[in-house]
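We did not get these values from a lab; they are worked out from the coordinates using the rules stated. None of these values were measured; they are calculated from a predicted model. A quick note on method: Cβ atoms are made from the backbone with ideal geometry, for glycine too, and the neighbour counts reach across all protein chains shown.
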There are 2 protein chains.
Amino acid sequence: MNRRNLKELSEAESLRRLAAVPFGRIVFTRQALPAIRPVNHVVVDGQIILRSGAGTIISAEVATWDTVVAYEVDELDADRHLGWSVVATGVARLVADPGEAARLGELVHPWVAGAMEQVISIRPEIVTGFELVP
Amino acid sequence: MNRRNLKELSEAESLRRLAAVPFGRIVFTRQALPAIRPVNHVVVDGQIILRSGAGTIISAEVATWDTVVAYEVDELDADRHLGWSVVATGVARLVADPGEAARLGELVHPWVAGAMEQVISIRPEIVTGFELVP
């Protein structure tokens, strides 16, 4: 198969694609090591909203204090070698206000069972994306 | 849709799944920020083998010195809310020996065009995985 070229996506297009899919991968540091976990998300008012349970790794490492994280979303087709990837980098914070947490939390639908009482918001500061084109 | 439970995968099963797919995501630190890039890989003798070009971010941040990275692979089905994810954490190093680099490099088939003269090997130290089950 012919190899593909990388076409950069604009910030607006990258955010549009990020908002159009139901899950991504949160990237953070855990005990000085790089860590990554798939999670479900929604985008509300330009912020990436996740849910997590107390006692999870994301809760311990990300939600406890304001932490810089990367959030990655992609759709890559192993048959056609086409697709795209978007990375948003920004500060993740626990949504502390109970009303706001309730409002945002009910928009996120985790696939994984269990209590997900914490709502985490990532404000993207740097957003990059690329597409594989023939 | 009913929410899923997480079933832990054994290290052997996690490595088997990682080896069975053609791409994943390398997670590292760049200028003190978490960073992630999708890449193609193969697994040879238990090591994850990638290719990169001089001048790329992976080359600058990962291949220049021995660096701890995470490598993530997943197959997640947004329609059925099923799938799995595997994360391997270990030291990435540039394969310096020209003969070994040539032997390993020709096993990796990047989808992206361009010179990919650097061969990077990740030796997994910690391997974890989970599956979403009904």
Quiz item: Taking the Cα centre of each part, how many Å lie between region A:71-134 and region A:1-43?
Solution: 7 Å
Practice problem: Return the sequence-ordered ³J(HN,Hα) values of region B:71-82 in whole Hz as given by the Karplus equation 6.51 cos²θ - 1.76 cosθ + 1.60 applied to θ = phi - 60°, using x for Gly and Pro. | Solution: 10, 10, 10, 8, 9, 10, 9, 5, 7, 9, 6, 10
Quiz item: How about region A:1-88: which chymotrypsin sites (Phe, Trp or Tyr not before Pro) there are in a DSSP loop, with at most 10 other Cβ atoms within 10 Å of their Cβ?
Solution: A:65
Self-check item: Inter-copy label distances at residue B:80 (7 Å, Cα→Cβ; nm, one decimal)
Solution: 2.2
Quiz prompt | Inverse mean reciprocal Cα-Cα distance (Kirkwood Rh) of the protein assembly as shown, Å | solution = 18.9 Å
Quiz item: If you put a point 7 Å past Cα along the Cβ direction, how far is that point for residue A:16 from the same point in each other copy, in nm, smallest first?
Solution: 4.3
Exercise. May I ask you to derive the relative contact order of region B:9-129, considering only C-alpha pairs under 8 Å and at least 6 residues apart, and to give it as an integer percent?
Key: 32 percent
Quiz item: Got the residue B:107 label distances to the other copies yet, label 7 Å along Cα→Cβ, in nm, shortest first?
Solution: 4.6
Quiz prompt | Nearest-to-axis residue of chain A, judged by beta-carbon position, where the axis maps A onto B, in Å | solution = A:27, 3
Practice problem: Please get the size of the charge dipole for the protein assembly as shown, origin at its Cα centre, with Cβ charges of +1 on Lys and Arg and -1 on Asp and Glu, quoted in debye to the nearest 20. | Solution: 100 debye
Practice problem: Calculate the radius of gyration of the Cα atoms of chain A to one decimal place, then report Dmax, the largest Cα-Cα distance, as a whole number, both in Å. | Solution: 15.5, 52
Exercise. Output ³J(HN,Hα) for region A:18-23: one whole-Hz value per residue in order, computed from phi by the Karplus curve 6.51 cos²θ - 1.76 cosθ + 1.60 with θ = phi - 60°, and x for Gly and Pro.
Key: 4, 6, 8, 10, x, 8
